[in-house]
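Derivation of every value follows stated rules applied to the coordinates shown; laboratory data play no part. From a predicted model like this one, the values you see are computed outputs, not experimental measurements. We place every Cβ from the backbone using ideal geometry, glycine too, and count neighbours over all the protein chains shown.
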């Protein structure tokens, strides 16, 4: 905690975090409200889900989008991306009935591009603001704030939609993005861009993918994490069966389970620097997988006390593995490639959750919640033990491609 307070005394870090919180609040409020908006106008669950899908679709092009982050100064990318979201969101004000829901889908596609850009540029900018030994601490704080926003912003977005409609939520999000750009513009940092001749966009995209493929340790971290994040998406589907068949509680009790899981993510976020300092980034990632698996085992019991503990424990495991992977990449990847690697890795880490939610919805039709949780626990345990047996070293800071 002393180290976190030390970082918070740095004005650049406070401005960075201010921009992060505002951007997260605006984007999270918008995401939840877009689905509610479509559902209200059409009555269709599938059309409502399509709004979220549109936001995730640009992740498929993350390697190409990441080229922007590597071609420009990261601070500039963040400022311009946040500012661009104001006119991008403005058409939502025109949506009054079902005939214009296509505008919601179009806007969510634009938001998805900005989400990918910001997700790569923010951690890349941190490498210019901090010494390598402080990256893990700030990443943990970022994760803490991000998960905190997931608890607060959906309620704000849904509540504002209920009171004033989707246009008000769009206005709130536009204000948040504009203020995020202002906070980021106040950051004072000396960034350099490569003076080498630029290749074509396709060539740079392919070069980023080849670089990522050549990094054995990063592959060994990202791929099992993608698998664990896929089964993490099963939790929501399995939790309905847990609440009704295991705990014999009404469906509303699912909110309590999710709140406990959210509390676990906050705890895990704050424990991550302590573990990382002692064991290194790869070990932290493996421990996160094992903690997640243990929490799922507790959930599978269907008894109240273990389920309460399991909800907290499995939630704590996820930020451990994410902070471990992210910090390793920030330290070990050459700055010239960092935007592409971060954008691609983020897509590989977070997109599987969306597919996992869809797959979980199908699996609960043929599996009991307990069997589904056992499968999840087995995958998490296997991935964590495999990663531990690899004995991967902690990251060594890299300053350029020549030193890799």
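By how many nm would the segment from residue 240 to residue 263 grow when fully extended, if each residue of separation counts as 0.36 nm and the alpha-carbon distance is taken off?
On the way: separation 23, 0.36 × 23 = 8.28 nm, distance 1.93 nm.
Fully extending the segment from residue 240 to residue 263 adds 6.4 nm.
For segment 269-308, backbone nitrogen atoms closer than 11 Å to the point 7 Å from residue 4 Cα along Cα-to-C-beta are found at 269-274. Take the Cβ atoms of residue 39 and residue 256, set R0 to 22 Å, and the FRET efficiency comes out at 0.40.
Kirkwood radius and radius of gyration were both taken over the C-alpha atoms of segment 253-404, and their ratio Rg/Rh is 1.02. Between residue 396 and residue 198, the simple label model (points 7 Å from Cα in the Cβ direction) yields a spacing of 3.3 nm. Here the residues 183, 176, ranked from fewest to most Cβ neighbours within 10 Å of their Cβ, fall in the order 183, 176. When peptides 271-282, 137-148 are ranked by their average number of other Cβ atoms within 10 Å per residue, the highest-first order is 137-148, 271-282.
How large is the translational diffusion coefficient of the chain in µm² per second when you combine the Kirkwood radius over alpha carbon pairs with Stokes-Einstein at 4 °C and 1.567 mPa s? Estimated via Stokes-Einstein, D reaches 60 µm²/s. One Cα centroid belongs to segment 51-91, the other to segment 251-276; the line between them spans 29 Å. Extents of segment 12-185, taken as max minus min of Cα coordinates on every principal axis and listed largest first, are 51, 31, 25 Å.
Here the spin labels are modelled as points 7 Å beyond Cα on the Cα-Cβ line, and at residue 12 and residue 188 they lie 1.0 nm apart. The alpha carbons of segment 26-97 stretch over 44, 24, 17 Å along the principal axes, in descending order. A Förster radius of 22 Å combined with the Cβ-Cβ distance from residue 303 to residue 155 puts the calculated FRET efficiency at roughly 0.15. Dividing the convex hull volume of the alpha carbon atoms of segment 262-346 by its residue count gives 88 Å³ per residue. Potential lengthening of the chain between residue 93 and residue 388 amounts to 101.1 nm, from the contour at 0.36 nm per residue minus the alpha-carbon distance.
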